[in-house]
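Presented below is the structure to which this report refers.
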Amino acid sequence: MSDRRDHLRSQWRHSQWEARARRRLRRRTLVAARRTALVGLGCTCMVAGIASVPSPLPIGFVLFAMGLYFTARGSKFARRGVKWVRRVLPPFSRGLNGIKHRMPLAMRRFIERSDPRGVRARGVRAGGLNPRRGLPSTPRGRWGISASRPVRA
């Protein structure tokens with residue numbers, strides 16, 4: 001009886017291993033397909049943005065920025081390229097910063113993260129004045145109290 005039980009236990013372990021291997025392969029395939037789709041969609045948006053620059057409606061730059069975002073989501077090489085282009089071409093960087101308030105939250109975050117000026121360009125965390133209130137912004141908050149830690153009495 002013990003041999004039979006050991007045999008069944010080893011079969012169960014092997015089937016569990018196969019199931020995990022299938023899940024890993026499925027996950028890798030889905031990730032690769034998603035990245036390919038993002039890069040393809042991004043390139044399409046960038047080409048459409050370049051083609052629509054001469055049109056009377058100013059949507060070319062927005063389409064191009066969306067294409068950069070999708071391409072950078074799917075490729076680490078493209079993310080590094082966006083940072084490099086923004087560092088080399090300050091007018092392009094200023095243009096992205098100028099339209100970021102019209103973008104969805106995820107694209108705004110991408111534009112802020114790829115800003116070559118770093119944290120200081122992002123506002124409140126950099127110190128100095130808070131752009132909304134004109135008050136000094138400190139890491140501990142407005143009254144010197146940290147929001148993340150409770151105040152002990």
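Couple of notes before you dig in:
- When each of Arg79, Arg125 is tested for being outside any loop (DSSP other than H, G, I, E, B) and either at pLDDT 85 or above or within 29 Å of Leu41 (Cβ to Cβ) (or both), the lone residue that passes is Arg79.
- Filtered by the rule that a residue be buried (at least 17 other Cβ atoms within 10 Å of the Cβ), of a type in the set (Val, Ile, Thr) and at pLDDT 90 or above, the stretch 41-71 gives a lone residue, Thr71.
- Of the residues Asp115, Asp3, the single one that is surrounded by 16 or more Cβ atoms within 10 Å (Cβ to Cβ) and of a type in the set (Asp, Glu) is Asp115.
- Residue in the stretch 23-40 that is of a type outside the set (Ser, Thr, Tyr), under 22 Å from Arg109 (Cβ atoms), surrounded by 15 or more Cβ atoms within 10 Å (Cβ to Cβ) and at pLDDT 90 or above present: yes
- Members of the stretch 113-122 that are part of a helix (DSSP H, G or I) and at pLDDT below 85: Gly118, Val119, Arg120, Ala121, Arg122
- Residue count, the stretch 86-112 (criterion: loosely packed, with under 14 Cβ neighbours inside 10 Å and either at pLDDT below 50 or not in a helix (DSSP H, G or I) (or both)): 2
The values are calculated or read from the model by the stated rules, or taken from the named source; none is laboratory data. The shown structure was predicted, so the numbers you read here are calculated from the model rather than taken from an experiment. Ideal geometry is used to build each Cβ from the backbone, glycine not excepted, and the neighbour counts take in all protein chains shown.
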